[in-house]
Structures are given as C-alpha cells and as structure tokens.
Amino acid sequence: MKRPKLKKASKRMTCHKRYKIQKKVREHHRKLRREAKKRGHKKPRKDPGIPNSAPFKEALLREAELRKQQLEELKQQQKLDRQKEQEKKRKLETNPVGEPSDVEPVEELEQCKTKKAKLSKQHPKKLYCQELKKVIEASDVLLEVLDARDPLGCRCPQVEDAIVQSGHKKLVLVLNKSDLIPRDNLESWLNYLKKELPTVVFKASTYLKDKGKITKMKKKVVPLKRKVCFGKECLLKLLGGFQETYGRAIHVGVIGFPNVGKSSIINSLKKERICNVGVSMGLTRNMQIVPLDKQITIIDSPSLIVSPLNSLTALALRSPASIETVKPMEAASAILSQADARQVVLHYTVPDYKNSLELFTKLAQRRGLHQKGGSPNVERAARLLWSEWTGALLSYYCHPPTSWTPPPHFNESIVAGMKRGLNLEELEKSNAHSIEAIKGPRLAKSILFQSSGLTNGIIEEKDIPEELPRQRERKQEEGKDNEDMVSEEEIVDYEEADEKISDMPPIEEKREPPPPEESTAGELEAKDF
C-alpha cells in the first residue's frame, strides 16, 4: 500500500491571533516609553547649528572644525601612547630578572618627556635654527635645493655665508622641479649658476597619494609608484667623487626653503619613501639621518626661515608662516604684480583685468566660489591663486640676470675651492642628458615671472622676533582684549601638533569670535593649503 505524502506545517494563522500579537507589541512599546519618561530619558535633539543671521558665522565654523581636528589628533596620540606602554610592559614581563636594568628605561623616558616639554615651550623657529646649525656642522657636503621656477629667489645668502665660514665644506646647487619650466630657460639658468657653484639638474620622483601615512611608530617603507626621476645618476656620481676626495665616509646635508622638494630628492635617491612629503609647507621639523650606502649618509633638515624684512612676494612664495604677517589678498596681489598679466589671463581663462581685485572677482565667478547671497568670494579666490603658485603644478619661469656678478660672500678662491676635485666635463654631459630627457612645458603655456632676487633668511636665534607682527598691530589698534589675542604658545602647539599633541594646552570651550578681517590666519592656511 502506498504511504500518504507528508506535508509541512503551514505558517498561516487566523486574523484573531495576528491582531492579538500586534496589540501585545503595541502595549509593550507603550510601556517602555512610559518607563523611559519616568526615568527622564528623552530622545536627543538634533543640533540646529549656527543660524545664518549670526555674526562671524564662518569664523565660528572654522574654530569648530579646528577643535574637532585637534580632538581627533589627541585621540590618535593617546592611542599610540597606550601601544607604547603595552610594548614596554611586555618587555618588562619577558625580562623580570634584571631589576636595575628595568628601572633605567623608565628614568630615560621621564628625562625624554621633560626635554620634550622644554622644547614644546620654545618658539618653533628657534628650534629650526638649532636643527639647521646641527645639519651644517655635521655635514661635509651640503646640497642647496632650488626651485627651478625661481632659482635666485630660493637662494639664501646668510646660509651660504655660514657654510663658507664653517670650514672646508662643499656646496652644491640642485635645480629641482626642472620639468615645470621651458627647456631654453632651464639651459640659461644652468649656464648662469654653474659659473659660481657646481649645479645639478634634477627632477624628483612623484608618487600617487599614499593610503597609509608614515608615522614614527610604524617605520614601513612605501615604494614609489612612479619611478620617473632625472638627474639621480649625475648627483650620485658627484657625491661619489666628493667621497673619493675625502677618502672616508661623508655626510651630505640637504637644505633649502620650504616646498622646494628636499625630502622628495632624498626619497628619489633612496628609491623609497622614507621622508615625509606633502603639499603643505614645512612638513620636516627635525633633522633626519638617512643612510644612502656604506659611504654616503644623507641628512634631511627643516626649512630655512624667511626674514620678515623681505618683500611681500618673497614672503608669499617662500614662507609657510607668511600668513602670520601677510593676508591672502595681499600675498596674491604681490604675486600678480610680478607676473605677466596677459599670460595670467590665458592660464585662468578670465577676461582682462585692471587690478588684482577685479581678477579675484572674475576668478571666483569662473570657479564657482560664492558667498551666501550669491556674491563672489574674493578672499577664497585669492587663497586659491596663492596655493597654486606655492604648489608643484603651476608652470611659471623667470629669466636669469643679464650679467653675472659674484655675490659678496663668495670670491674667486672660494668658487675654485668648491669646484676642486670635480670632473666638470662629465657633470656638463650628465646635465645635458637630463635636460634632453625632461619634457618641459611649452613657452606659451608658462607664465613669465619677475624674480625679486635673493631671499634673506634667519640663522641666529636672537634675530627671531619674540612677538609676531600681527599681534603688534592688534595691540597698537586695540590696546585691550589681550585675552582674545592668539598667543605664540598656541601657534607653537598648533604647528607642532603632529609631534607634541600630548603637550598641547586644553581646548577652550568658549571663545569670543575674532573679527572677520583678522581671523586666525594659521587656520586658513591649514584648511586651504
């Protein structure tokens, strides 16, 4: 006999049962709401934000963003500190026998903390001067990196004089970013500079945006994505020749103004991303020793400090802290005054302009930079132009002087000493090969720029002003409101937040809004550049 087919139980239910379940669920939710109301637990209200009619809204929003960034950096630093402590505990657990040896590292750590606390109280520019002196003293050969777009403006006579006075040290000029100027202009600059010092044409390796930022805790080396580097063999041969003349291992210091590509050159020579590089100015804050091989060691140095006595154009192009003394409108206007107006119009595709303000207005309309109400955001357009001229993408060039005259800190004997022991013919051939290989822009696509000459720098700590010029203006104008004024210690903590975030002062919860014209300039720079 055939067995009957078994069926699965049906999930259908009567309407009476379904409605009863729904009623029970509603009663349960009502009960939970009633109990929550008795406990005083209310649903968090959404922050309505700052109304549009509130004064100084943009300044308040910038302060809120800065406060948020500082809190995130503080959390990351605390996390790294916890990891360090855990590693130390593990090491102590693995070596419990040597009790006196366990005490010594703790004392050393306390001493390091006290040293860091003392350094954090100092002005960052004074620390830069100290590090620069260390690099000059420790180096046998010094590479002064110049931006090929304005080589004369990247030279610092004070530093060159200090190198000459320090003893038998060699000085070499490196023309970096050679792919951003026309070939004829590059050849003319090379012919001008090689009369004075040995000069190397260079184009550092560029790389795509790295996913993981290199920190001090994780010393993982990131290989370069684009291995397009010119002038590397020429520079290595030159350094090898210096090493043979010295007859021992040599130290090579790399110096220069901000954003000329010092760290990029070191990464290109090493074929690894060892030094931190980026678009923003002044990323390198301490000297960093990088062994190239057994005989050559490279020392990366922090940027040279620009003297505030320079012209507005030099401050705008060379100083990462120039925003302390120069407003974005003034800096961009100073740059435009030295540039060819016709080529600027062609590059930014805007109509002819009578003054810089008119150009900023047209540029804001062209790029869609508008304020509330539809009016063009002129200040943001000026910051955009400023960032492009200090970046590594805009192609502009300047002509070398018609006649060569040796600077006062050099004479014929010093120039001959710098070139002694070099194969100048081989150096010329290598530079000619590099110039042929580099594909520079056409003359029509570059902007002619008038250089402001040598840029004065600060080497001695006593020459650094204790008070920022912006603060002096505020004191003279207001005479009051000392509480609202940004102090130097706060600027120090903000500039060195990556290394000394644990030593930062507590974040102020309530702060009176600054006037819109003199808003905190350091924040604008950190945000836009």
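The values are calculated or read from the model by the stated rules, or taken from the named source; none is laboratory data. The structure presented is a predicted model; accordingly, all values stated were derived computationally and were not measured. Ideal geometry is used to build each Cβ from the backbone, glycine not excepted, and the neighbour counts take in all protein chains shown. Heavy atoms of the whole protein, side chains included, go into the accessibility calculation; ligands, DNA and RNA do not. Shrake-Rupley method; radii C 1.70, N 1.55, O 1.52, S 1.80 Å.
Points worth noting:
- Hits in region 136-175 - residues which are among the small types (Gly, Ala, Ser), under 21 Å from LEU269 (Cα atoms) and open to solvent by less than 20 Å² (accessible area, probe 1.4 Å): SER139, ALA148
- LYS354 meets the conditions (1) under 18 Å from the mean Cα position of the chain (by Cα); (2) charged (D, E, K, R); (3) not in a helix (DSSP H, G or I) in every case but one. The failed one is (1).
Residue by residue, here is whether (1) free of Cβ contacts under 8 Å to residues at least 40 places away in the same chain; (2) touching a helix residue (DSSP H, G or I) at 6+ places or on another chain (Cβ under 8 Å); (3) not in a loop (DSSP other than H, G, I, E, B) holds:
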position	(1), (2), (3)
SER387	no, yes, yes
HIS399	no, yes, no
HIS409	no, yes, no
GLY417	no, no, yes
SER452	no, yes, no
THR455	no, yes, no
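- Of the residues HIS370, HIS347, the single one that is closer than 27 Å to THR206 by Cα and either at pLDDT 90 or above or not charged (D, E, K, R) (or both) is HIS347.
- Matching residues in region 146-164 - criterion: being of a type in the set (D, E, K, R) and in a loop (DSSP other than H, G, I, E, B): ARG149, ASP150, ARG155
- Qualifying residue in region 371-378 (condition: within 28 Å of the chain's Cα centre (by Cα) and among the small types (Gly, Ala, Ser)): no
- Residue identified as within 31 Å of the chain's Cα centre (by Cα), of a type outside the set (A, V, I, L, M), under 30 Å from GLN371 (Cα atoms) and at pLDDT below 90 among ARG45, ARG62: ARG62
- If the condition is being in contact (Cβ under 8 Å) with a residue 60 or more places away in the chain, crowded, with 17+ Cβ neighbours inside 10 Å and not hydrophobic (A, V, I, L, M, F, W, C), then region 328-358 contributes PRO328, GLN338, GLN343, HIS347.
- Positions within region 323-349 being out of contact with any Asp or Glu (no Cβ under 9 Å at 6 or more places or on another chain) and assigned to a loop (DSSP other than H, G, I, E, B), in sequence order: THR325, VAL326, GLN338, ASP340, THR349
- Among the residues of region 422-441, the ones that are open to solvent by 70 Å² or more (accessible area, probe 1.4 Å) and not in a loop (DSSP other than H, G, I, E, B) come to 7 in all.
- Residue check for GLN69: part of a helix (DSSP H, G or I), more than 30 Å from GLN371 (Cβ to Cβ) and open to solvent by 70 Å² or more (accessible area, probe 1.4 Å): no
- Matching residues, region 165-182, being closer than 26 Å to TYR246 by Cβ and assigned to a helix (DSSP H, G or I): GLN165
- In this structure, ILE298 does not qualify as buried (at least 18 other Cβ atoms within 10 Å of the Cβ), of a type outside the set (Gly, Ala, Ser) and at pLDDT below 90.
- For ILE181, the conditions (1) in contact (Cβ under 8 Å) with a residue 40 or more places away in the chain; (2) surrounded by fewer than 23 Cβ atoms within 10 Å (Cβ to Cβ) all hold with the exception of (2).
- Any hit, region 208-226, residues being among the small types (Gly, Ala, Ser), at pLDDT 85 or above and open to solvent by less than 50 Å² (accessible area, probe 1.4 Å): no
- Taking (1) at pLDDT 50 or above; (2) part of a loop (DSSP other than H, G, I, E, B) in turn, GLN243 satisfies each apart from (2).
Yes/no matrix, rows are residues, columns are (1) of a type in the set (A, V, I, L, M, F, W, C); (2) open to solvent by less than 10 Å² (accessible area, probe 1.4 Å):
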residue	(1), (2)
PHE360	yes, yes
LYS372	no, no
VAL378	yes, no
GLU388	no, no
THR405	no, no
ILE414	yes, no
LYS419	no, no
